[in-house]
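What follows is a short report on a single structure.
The values are calculated or read from the model by the stated rules, or taken from the named source; none is laboratory data. Note that this is a predicted model, so its numbers are computed, not measured. Cβ placement follows ideal geometry from the backbone for every residue including glycine, while neighbour counts extend to all protein chains displayed.
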Amino acid sequence: MKERQSLALSAIGLIAFFGGWTLIAMSGMVQPQFLPTPLAVAREFYRLLETPFAGYTLQQHLLSSLGRFGLGFALAVGIGVPLGLMIGWFRTLDAIVSPLFDALRFVAPIAWVPFAALWFGTGIGGPVLIIFSGAFPPCLINAYRGAKFVEPRYIEAARMLGASHARMVTDVLLPASVPSIVAGLRVSAGLGWQSLIGAELIVASSGIGYLMVKGQSNISTAIVMSGMIAIGIVGVAIDVLLRALQARIERHQSGSGTN
Amino acid sequence: MSIGTVAALLAAWWLLTATQIIPPTRFASPGELLQALRQVALTGYADARLHAHVLHSAKLVLLGFAVAIATGVPLGLAMGSSRRLEALVNPTFLLIRPIPPLAWIPLAIVWLGLGDAAKVLVIWFAAFVPSVINSYAGVRSVERHVIEAARMLGASRTMMMREVIIPGAMPHIFTGLRLSLQACWTTLVAGELIGAAAGLGHLLQQAALDLFPAMILVGMVFVALAGAVMTAMLGWVEHRAMPWRT
């Protein structure tokens, strides 16, 4: 199939989607409160950027969400990656920590919400705890895999050449596990961002999830959809950033790996 | 070694709560956990007994999951086999895909209220996207020469689908299903926490309102257990569906 034909089909698909949506919304079959036209949603989105809703404008809600996300994600990386490397490297630690971790991993991040509420009220700790519980497992697992599956011949070679334990960690373990760790960061950020939304729907008094809950109780589909759009955009932006980081590190590694 | 860890953890947990280093208002002791478990299992808590909560949640997840498989897998297979359909649907799909399942909850509530229908809609969505993507990727992963060989041997369109494409795409499809089952379960718990009349999320929510740490813990244990059981069941189905893979 030619490129032009494929582009035309794509355009038809998008037009059909937005056109069908507009038609249903304008036909009067459903009230605009429940299904606004795409244009009305765009207008609402724009309005939320300028006039505060649920206490803040859309950007302020987003900033507050991003602040929580940054904190929870940083904690997950800061604890998960070193811990994962350690249990991948030291066998005794692996035997002690892994069973506990395997059990905890089955608890959905969102199931921490009641404890988050009990321990922190509506303070910042609650959402951060939930983001942490979403973002932590991939950090730990990938660092663990990275450290556990360092090629034995590298370790043997380094040992034979008389590398100290510290040099072993900085020159063998870390470089070998970086690609796996960075891949883990991407998964972790995605899950963390999702968990944040869940947390904010339940325990928060600002943030993009809270804006959506308020829109929901006002029965304003346009506000809810604006929130969904904002969440989607930020999610994609976070992923693009981490993907760029991943590409950079891979380039760096393949560049230095040959000499 | 791992039994030792578990025993040590239990001992530490018991010690920390018995000496009240962790105050009882913040976390439950092992004894309180058992007591709460007995209470919810025998007399009930949050309007129902434990098995009713678990069954209610499991029923909704399976329903939404089944609808997602029935709609997502065929769409993914069709998108993988027809470049026209792919060009037609993919851009719209890409627009919707970055929105996480949990973000659909408020919309589902506005549209369908707090009942079971809203939850099934959100669960459907949570599983739909991964089903489509992985079925699609699965079709694309079928090796070119296998398709060409089948075509040369005169396989009809239906035979091609049944004997070549679907079995070839199966490993990817099941990967997608495993991912989406986990997502379904998370989404359902979130939905039930926000508002429900029954289910494990409702139990958790009630326990949080009552400031009842032992019952929160019971709820979390059963969320984890039910998730693990469902994942194991899917693993069993996967094994049965692809007997040629050991």
- Hey, could you check segment B:185-199 for residues that are in contact with a Gly (Cβ under 6 Å, 6 or more places away or on another chain) and not charged (D, E, K, R) and say which is surrounded by the most Cβ atoms within 10 Å (Cβ to Cβ)? B:V189
- Considering every residue within segment A:185-208, establish whether at least one is closer than 21 Å to A:F45 by Cα, more than 9 Å from chain B (Cβ to nearest Cβ) and surrounded by fewer than 20 Cβ atoms within 10 Å (Cβ to Cβ). yes
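Looking at segment B:35-60 only, could you name the residues that are among the hydroxyl-bearing types (S, T, Y) and more than 13 Å from chain A (Cβ to nearest Cβ)? Before you say what the answer is, go through the steps one by one.
Initially, segment B:35-60 is screened for residues among the hydroxyl-bearing types (S, T, Y), giving B:43, B:45, B:57.
The answer is B:T43, B:Y45.
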- Query: Which residue pairs have Cβ atoms closer than 9 Å, lie 6 or more positions apart in sequence or on different chains, and pair a first residue in segment B:83-109 that is more than 7 Å from every other protein chain (Cβ to nearest Cβ) and in contact (Cβ under 8 Å) with a residue 60 or more places away in the chain with a second residue that is of a type in the set (K, R) and buried (at least 24 other Cβ atoms within 10 Å of the Cβ)?
  - Reply: B:A108/B:K119
- Checked against (1) under 30 Å from B:V229 (Cβ atoms); (2) without any contact (Cβ under 8 Å) to a residue 40 or more places away in the chain, A:G88 satisfies every condition except (2)
- Checking B:L209 against (1) closer than 24 Å to A:G121 by Cβ; (2) buried (at least 24 other Cβ atoms within 10 Å of the Cβ); (3) out of contact with any Leu (no Cβ under 6 Å at 6 or more places or on another chain), which test does it fail? (2)
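When segment B:1-34 is examined, which residues are found to be assigned to a helix (DSSP H, G or I), loosely packed, with under 15 Cβ neighbours inside 10 Å and more than 14 Å from chain A (Cβ to nearest Cβ)?
Of everything in segment B:1-34, those that are assigned to a helix (DSSP H, G or I), loosely packed, with under 15 Cβ neighbours inside 10 Å and more than 14 Å from chain A (Cβ to nearest Cβ) turn out to be B:W14, B:L15, B:L16, B:A18, B:G31, B:L34.
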- Being within 13 Å of chain B (Cβ to nearest Cβ) and modelled with pLDDT under 90, is that true of even one residue in segment A:53-68? yes
- Tell me, which helices (runs of 4 or more DSSP H) lie completely within segment B:66-171 with 2 or more residues that are among the basic types (K, R) and surrounded by fewer than 17 Cβ atoms within 10 Å (Cβ to Cβ)? B:83-96, B:144-152
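Given the criteria at the interface with another protein chain (Cβ under 9 Å from one of its Cβ atoms), surrounded by fewer than 22 Cβ atoms within 10 Å (Cβ to Cβ) and either over 11 Å from the mean Cα position of the chain (by Cα) or part of a helix (DSSP H, G or I) (or both), does B:A228 qualify?
Criteria met by B:A228.
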- Query: What number of residues within segment A:62-97 satisfy the criterion of being surrounded by fewer than 17 Cβ atoms within 10 Å (Cβ to Cβ) and of a type in the set (S, T, Y)?
  - Reply: 1
- Message: Anything in segment A:130-146 that is crowded, with 24+ Cβ neighbours inside 10 Å and either aliphatic (A, V, I, L, M) or not assigned by TED's automatic domain parsing to the domain that holds A:G80 (or both)? List them, or say none.
- Response: A:I130, A:I131, A:A135, A:L140, A:A143
